[in-house]
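Here is the structure we will look at.
What follows is calculated from the coordinates using simple rules that are stated; it is not laboratory data. Note that the coordinates shown come from a computational prediction; the quantities given were computed from them, not determined experimentally. Note that we place each Cβ from the backbone using ideal geometry, even for glycine, and neighbour counts take in every protein chain shown.
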Amino acid sequence: MVLNVVQYGTKVLRQKGARIEAVTPAIRQLIADMFDTMYAYKGIGLAAQQVGQALQLTIIDVRGVTERPSTLELEGQPAEVARFMPLVLINPQVTPVPGSATAKGPEGCLSFPEVYADITRPEAVDVQALDKEGKPFAFRCGGLLSRAVQHEVDHLQGILFIDRMDKKTKEEVRDEIELIMAETKAALKA
């Protein structure tokens with residue numbers, strides 16, 4: 001089922017997600033609905049907060065993006081990204097790879113329609129999480145997958161990509177952000 005994606009100005013986007021202690025039927029249904037929603041909105045990632053649930057749960061699928069490559073390592077060995085997708089991360093922990101450079105790259109967000117900006121993030125990260133079955137797993141990623149993971153895990157902490165923008169970039173998109181906020185407030189009042 002396609003869920004409503006909440007827009008900037010909705011309080012849940014600023015809430016830190018609660019840890020998921022068990023993968024219940026309700027969590028499995030939420031995961032399925034989140035995938036339906038992400039694909040319907042043509043996104044590559046979606047956090048539970050974006051569908052109104054303050055939980056430590058995000059999904060990612062970068063298979064459709066060929067012009068921005070991703071890298072993946074499992075147990076120190078290169079792995080094919082497409083075979084690892086779609087990805088469910090429950091209670092994820094993300095750590096920049098020691099010595100990894102930072103890179104500026106374009107980002108957008110389904111909760112900020114039509115707002116895009118270059119954001120600086122570590123190029124590679126190590127990720128530990130539970131999968132959709134509640135089993136622990138770990139991987140290292142780079143490129144677009146790394147950027148998507150960091151963007152979505154930020155959502156789980158109540159951090160939005162506008163918080164990562166430099167002052168000049170934030171000023172450039174200020175009008176669009178204020179319009180989204182005004183539309184959200186008007187919709188919430190209605």
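With only Lys, Arg, Asp and Glu charged, each at its Cβ (+1 for the first two, -1 for the last two), find how big the charge dipole of the chain is about the Cα centre; round to the nearest 20 debye.
Working: 22 positive and 25 negative charges, 77 e Å.
Once rounded to the nearest 20, the dipole reads 360 debye.
Between Ile159 and Arg83, what is 0.36 nm times their sequence separation minus the Cα-Cα distance? Round to one decimal in nm. Spell out each step's value before the answer.
Numbers: separation 76, 0.36 × 76 = 27.36 nm, distance 2.92 nm.
Residue separation times 0.36 nm, minus the Cα-Cα distance, leaves 24.4 nm.
Number of Lys-Lys pairs in the chain under 17 Å by Cα, sequence gap 8 or more or different chains?
On the way: Lys11/Lys185; Lys11/Lys189; Lys104/Lys167; Lys104/Lys168; Lys104/Lys170.
Lysine pairs satisfying the spacing and distance rule in the chain number 5.
In the chain, which longest range has no GluC sites (Glu not before Pro) that are both DSSP loop (not H, G, I, E or B) and surrounded by at most 15 other Cβ atoms within 10 Å? Before the final figure, lay out each step's value.
Working: sites that count: Glu21, Glu67, Glu75, Glu80, Glu133.
The longest uninterrupted stretch comes out as 134-190.
So what J values fall out for region 118-131 if you push phi through Karplus, 6.51 cos²θ - 1.76 cosθ + 1.60 with θ = phi - 60°, rounded to Hz, Gly and Pro as x?
Whole-Hz 3J(HN,Hα) from phi for region 118-131: 7, 10, 8, 9, x, 5, 9, 9, 9, 10, 10, 7, 9, 8.
Taking 7 Å along the Cα-to-C-beta vector as the label spot, tell me the Gln93-Arg14 distance in nanometres, rounded to one decimal.
2.9
Could you give me the radius of gyration and the Dmax of region 76-190, taking only the C-alpha atoms into account and expressing both in angstrom?
Computed over the Cα atoms of region 76-190, radius of gyration and Dmax are 16.3, 53 Å.
Please give me, ordered by residue number, the chymotrypsin sites (Phe, Trp or Tyr not before Pro) of region 15-85 that lie in loop per DSSP and have at most 15 other Cβ atoms within 10 Å.
Filter output for region 15-85: Tyr41.
Would you mind finding the longest exposed-site-free stretch of the chain, with exposed trypsin sites (Lys or Arg not before Pro) meaning DSSP loop and at most 16 other Cβ atoms within 10 Å?
Working: sites that count: Lys16, Arg19, Lys42, Arg63.
Answer from the scan: 64-190.
Ratio of region 1-55's C-alpha Rg to 2.2 N^0.38 Å, to two decimals?
Values: Rg = 11.1 Å, N = 55, 2.2 N^0.38 = 10.1 Å.
For region 1-55, the normalised Cα radius of gyration is 1.10.
Need one number: % antiparallel among DSSP beta bridges in region 1-131, to the nearest 5.
Working: 22 of 23 bridges.
Counting only bridges with both partners in region 1-131, antiparallel ones make up about 95 percent.
Between region 1-74 and region 97-129, how far is it from one alpha carbon centroid to the other, in angstrom?
If you average the Cα positions of each part, the centres end up 16 Å apart.
Kirkwood Rh and Cα-based Rg: tell me the resulting Rg over Rh for region 57-131, rounded to two decimals.
Details: Rg = 13.4 Å, Rh = 14.1 Å.
Rg divided by Rh gives 0.95.
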